[in-house]
1. Looking at the range 181-201, which of its residues are touching a Lys or Arg at 6+ places or on another chain (Cβ under 8 Å), surrounded by fewer than 20 Cβ atoms within 10 Å (Cβ to Cβ) and without any contact (Cβ under 8 Å) to a residue 40 or more places away in the chain?
2. Can you report the number of residues in the range 31-71 which are over 9 Å from the mean Cα position of the chain (by Cα) and among the hydroxyl-bearing types (Ser, Thr, Tyr)?
3. How do the helices (runs of 4 or more DSSP H) wholly within the range 111-178 filter down when requiring 3 or more residues that are of a type outside the set (Gly, Ala, Ser) and within 24 Å of the chain's Cα centre (by Cα): which remain?
4. Name the residues in the range 39-61 that are free of Cβ contacts under 8 Å to residues at least 40 places away in the same chain, farther than 18 Å from residue 140 by Cα and either assigned to a loop (DSSP other than H, G, I, E, B) or among the hydrophobic types (A, V, I, L, M, F, W, C) (or both), would you?
5. Could you tell me whether residue 90 is within 25 Å of the chain's Cα centre (by Cα) and in contact (Cβ under 8 Å) with a residue 40 or more places away in the chain?
6. Restricting attention to the range 30-82, and to residues there that are of a type in the set (Phe, Trp, Tyr) and in contact with a strand residue (DSSP E or B) (Cβ under 6 Å, 6 or more places away or on another chain), which single residue is surrounded by the fewest Cβ atoms within 10 Å (Cβ to Cβ)?
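Values quoted throughout were computed directly from the atomic coordinates according to the rules given, and no laboratory measurement underlies them. Here the structure is a predicted model, which means the values were calculated and not measured. FYI the Cβ positions are ideal-geometry reconstructions off the backbone, even for glycines, and counts take in every protein chain you see.
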Amino acid sequence: MSYHFQFGGIRLPAFSRGNRKTQVGSTKHFTGGLVLGDQEGVRLGTESHLETNAALLLGYRPNTLDLVEQIQFAWYDEHGEFFDHFIDLVVTRIDGTVCGYAVRPASRVSQAYECKLARIKEQAIAQCFLDDFRLFTEEDVCPVELHNAKLFHSVRRPDAFADPVAQDASRKVCGTTTVGALVDETRLEGMGFRAIVRLIRSGHLQMVRHERIERSTEIMRTRMI
């Protein structure tokens, strides 16, 4: 995705910050890429559909500050022999903690693989490289959270016209209302809906219940706009 600026033309996304380049094509498995972050964003490569879903879920959680893929960590086995392990996704949270994720389908998680991850986790925490290291499988994918993460991702680009209108409408919220009511207040239909979703993403508006974001979704104002 390219990002248009009022002055200075177009800026392309920054290159991936990972320690290993992901494949850009394969005849045997899914490969892909995302652009995450504000403004022009940063490229993030993925090598499976599950990795892509994990990146979206982790990247758009409210407590996520940063997300990087394929981070190198040197670990040693029980014989003292060193190996390089590339951690699929590393999340830095708002509270400063850093958590790594090994992304793999549950059907491919063997006992030997779990023992390897446990050893890597122990060493990574002991070296203050990570605060936690977790296994992420398809069982960790919540369909509702994934739907909303994809929606956040699709509307991440700000709208200089619609966003101020949505912000003005949101300032009037007292108690709870619905996404649809706020969209109607903006009189911008689809543009208004996307602007309201961005306010949910930024934390200025909050959903009353854990559900897919739709016009009927109840929301309340939680931060000054």
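1. The answer is 185, and nothing else.
2. Residues that pass the stated criteria total 4.
3. 111-126, 143-154
4. Across the range 39-61, the qualifying residues are 39, 40, 42, 44.
5. So residue 90 passes the test.
6. 82
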